[in-house]
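What follows draws every value from the coordinates through simple rules; no lab data is involved. Note that this is a predicted model, so its numbers are computed, not measured. Because the Cβ atoms are built from the backbone with ideal geometry, glycine has one as well, and the counts that use them run over all protein chains shown.
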Amino acid sequence: MKTKLSRLLLRMSPKKFLPVLILLFSHSVFAKDFIIYSIAHQLPMVNKQEMKIKDFYVNIGKAQGISEGTVLDVFRMHAEQNPFDSNKRYTYKMKIGELKVIHSDSEAAIGRLQKLEVGEEDAPIFEFEKFMVGDHVAVHVK
């Protein structure tokens, strides 16, 4: 048994079929998560308490409007299962801080910690309180 949509697509000419196909799959082509994909840091040489500078590498750059000085919000995705509601899973996207871009290329950028919101009184508790690989980033909007 064929659906109405499949019958309609089969009757279309190739000139009309291609734009429809592009529209159907465009959401997956343009929907992209921007994340921290790598972290580089200095190693303390003398004192273990010495402040370490960390660079956070993200897959968002000039093609998406990012330049030096741009502030990026950093979000942590967290999923919890509710055992009282037929084990329904809830996914939370919580802001954990901000990065300031210090270098930007066409599809990637390097940022440094500007603000960390974890540990504040009204912030959720996280297992890891620092930014980590896999955290999501987005342009900061005031």
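Loop-only check: which GluC sites (Glu not before Pro) in segment 67-118 are DSSP coil with at most 13 other Cβ within 10 angstrom?
Passing sites in segment 67-118 are E68, E107.
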Filtering chymotrypsin sites (Phe, Trp or Tyr not before Pro) in segment 61-121 by DSSP loop and by at most 12 other Cβ atoms within 10 Å leaves F84
With +1 on the Cβ of every Lys and Arg and -1 on the Cβ of every Asp and Glu, and nothing else charged, how large is the dipole of segment 73-126 about its Cα centre, in debye rounded to the nearest 20?
140
Distance cut-off 19 Å, Cα to Cα: go down the list K52/K93; K32/K93; K32/K130 and report the pairs above it.
K52/K93; K32/K130
Percent of all Cα-Cα pairs per 5 Å bin for segment 36-139, counting from 0 up to the last occupied bin, reads 2, 12, 20, 19, 17, 13, 9, 5, 3, 1, 0
How much length is gained on full extension from K142 to Y90, taking 0.36 nm per residue of separation minus their Cα-Cα distance?
16.0 nm
Return the aspartates and glutamates within reach of K88: Cα separation strictly under 12 angstrom, same-chain partners fewer than 8 residues apart disregarded; answer none if there are no such residues.
E80
Going Cα to Cα from K54, which aspartates and glutamates come in below 16 Å? Please leave out same-chain ones fewer than 8 positions away.
E98, E129, D135
